[in-house]
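What follows is a single structure, written as structure tokens, with notes after it.
The values are calculated or read from the model by the stated rules, or taken from the named source; none is laboratory data. Just so it is clear, the model here is predicted, and its values are computed rather than measured. Here Cβ is always computed from backbone atoms with ideal geometry, including for glycine, and neighbour counts include all displayed protein chains.
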Amino acid sequence: MSIDSDTAADSEQSIEDLARSLGDAIAELPEYQTFLEKQAAVEDDEQTQAQIAEFESAREEYMLARQRGEATQEDLREMQDQQQELHEIPVMREYLQAENDLELRLQALNEYVSDPLDIDFGEKAGGCCED
């Protein structure tokens, strides 16, 4: 192997190591830890899980009615009211706040990574389906 290809391989490995280190550091963020705690609390709360299932069912029914051209504004309002009720459950409200806090922190980190690249790293790394 030539010196140039060794240097390129070392550079590639160091970038991968940096990416792993970044992932490890993100996993240790207080925002991430809080998010995991709040997520577990929602998953463990039977009442909240029942209300989530009820909302998901209503949303699916609304989407099917909409595809058939049968959805009404009243149907939409009812679904929105159900969602609002779900979001007012204390454990769910805390989860949504933790999720928002984590997203804000990840957006800030994305800006640090993206600045020297002149591209949105998170968007490019995130997949094909961004609108």
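Structure notes:
- Residue match in the stretch 50-61 (condition: touching a Leu at 6+ places or on another chain (Cβ under 9 Å), over 20 Å from Ala25 (Cβ atoms) and among the β-branched types (Val, Ile, Thr)): yes
- The one condition from (1) out of contact with any Asp or Glu (no Cβ under 8 Å at 6 or more places or on another chain); (2) at pLDDT 95 or above that Asp120 does not meet is (2).
- In the set Glu54, Glu28, Glu37, only one residue is under 25 Å from Glu111 (Cβ atoms), charged (D, E, K, R) and either over 21 Å from the mean Cα position of the chain (by Cα) or modelled with pLDDT of 95 or more (or both); that residue is Glu28.
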